[in-house]
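Every read-out reported here was derived from the displayed coordinates using simple, explicitly stated rules and does not represent laboratory data. Because the structure is a prediction, the values reported are computed rather than measured. Neighbour counts run over all protein chains shown; Cβ positions are idealised from the backbone, glycine included.
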Amino acid sequence: MLLTMKEMLAVAREHRFSVGAFNICDSLLMKTVIETAEENDSPVIVELAPPEFDYVGEEFFKYVVERLEKSSVPAVLHLDHGRTLDQVKKAIACGFTSVMIDGSLLDYDGNAALTKEVVDYCHPLGISVEAEIGTIGTLNGPEGGAEEIVYTKPEDVIRFIRDTGADSLAIAIGTAHGIYPSDKIPELRLDILREIDAITPVPLVLHGGSSNNDEEIHEAAVSGISKVNIASDYRKAFFERLTDTLNETHAFWSGDVYPEAIEAGKEVIRHKMKLFECTGKAGLYK
Ligand SMILES: [Zn+2]
């Protein structure tokens with residue numbers, strides 16, 4: 001069943017768990033994500049950032065939308081890190097039920113104006129909008145990010161939602177996109193999260209959730225965050241297993257090559273769903 005993000009996150013926020021948002025960029029990763037959600041009776045968010053969107057091509061979404069509409073668990077199709085109204089319009093035309101507009105690299109007024117423009121376009125169409133204030137760091141990968149992390153100021157949150165009407169808000173509490181090198185330990189500011197959780201009028205989103213310490217991510221996922229984005233972790237597991245299989249077997253039939261990679265990706269997603277406490281929560285949406 002396909003929902004909007006507003007419907008998805010309202011339940012997560014009420015019950016204090018997070019829904020995993022997994023970036024896909026082909027039908028194998030789509031299969032990996034949606035099957036894991038169904039096997040674990042978990043709500044799920046399937047998302048693509050603009051470079052991923054362009055890579056798969058618009059026709060791909062006929063399959064994705066139909067698969068999500070028929071899924072046995074609640075699902076959202078979400079545009080991750082949209083940067084322009086044009087990208088947002090394209091995603092909506094392809095059946096997305098939710099978009100992110102990321103004006104976080106602009107100053108406050110520029111970010112608020114861009115976000116409001118997107119909200120004004122999306123709300124009459126019944127599409128949810130995620131915005132971002134503060135900046136998420138960048139390590140690698142197609143989502144981008146800022147060189148320096150600027151932590152979200154709690155006092156900006158209420159003002160920004162009032163100025164824009166956004167439905168959910170990505171906040172910066174110290175994460176970065178991608179996989180951390182071994183000498184770089186992310187430092188999550190859970191104190192800032194708690195401060196924002198106490199005052200925010202909308203559900204909160206955590207980006208850059210890959211390869212963070214499990215305990216910290218779990219703590220964030222049940223302390224006011226309602227959506228956690230994961231791209232790198234599970235895809236890395238998928239492609240590492242795929243490389244091993246190809247090197248070991250030299251197989252050239254999909255049925256011999258992909259199942260182990262899919263299982264490796266599923267294992268990571270299952271683990272994340274447990275950390276987010278969304279395993280078994282699909283029933284709350286009926
Ligand atoms: Zn992100």
When the expected Rg is taken as 2.2 N^0.38 Å, what fraction or multiple of it is the alpha-carbon Rg of region 4-127? 1.06
Where does the Debye-calculated log10 I(q)/I(0) of region 1-73 sit at q = 0.26 Å⁻¹, using only Cα point scatterers of equal weight, no solvent? -1.31
For region 5-285, take the convex hull of the Cα atoms, compute a quarter of its surface area, and give me that in nm², please. 14.0 nm²
Within a 10 angstrom radius of the beta carbon, how do Thr249, Thr4 rank from fewest other beta carbons to most? Thr249, Thr4
Which one, Val44, Ile179, Tyr108, is farthest towards the positive end of the dipole of region 5-285 when Lys and Arg carry +1 and Asp and Glu -1 on their Cβ? Val44
Quotient of Cα radius of gyration and Kirkwood radius for region 182-249, i.e. Rg/Rh, equals 1.15
Please order Val150, Val46 by the number of other Cβ within 10 Å, starting at the fewest. Val150, Val46
Read phi for every residue in region 31-46 and hand back ³J(HN,Hα) as whole Hz from Karplus 6.51 cos²θ - 1.76 cosθ + 1.60, θ = phi - 60°, with x for Gly and Pro. 4, 4, 6, 5, 5, 5, 4, 5, 5, 10, 6, 10, x, 8, 10, 9
Please state the charge dipole magnitude for the chain, taken about the Cα centre, from unit charges on C-beta atoms (+1 on K and R, -1 on D and E), reported in debye and rounded to the nearest 20. 700 debye
Debye-sum result for region 204-286 in log10 I(q)/I(0), which assumes one identical scatterer on each alpha carbon, at q = 0.22 Å⁻¹: -0.98
Using Cα pairs under 8 angstrom and six or more residues apart, how large is the relative contact order of region 5-285, in percent? 22 percent
Ranked by how many other beta carbons lie within 10 Å on average, peptides 119-126, 160-167 from highest: 160-167, 119-126
So which lysines pass the test for Lys236, namely a Cα distance under 20 Å, with those fewer than 8 places away in the same chain ruled out? Lys31, Lys184, Lys266, Lys272, Lys274
May I ask you to derive the relative contact order of region 1-70, considering only C-alpha pairs under 8 Å and at least 6 residues apart, and to give it as an integer percent? 39 percent
What order, most packed first, do the peptides 111-118, 77-84, 94-101 have when packing is the mean number of other Cβ atoms within 10 Å of each residue? 94-101, 77-84, 111-118
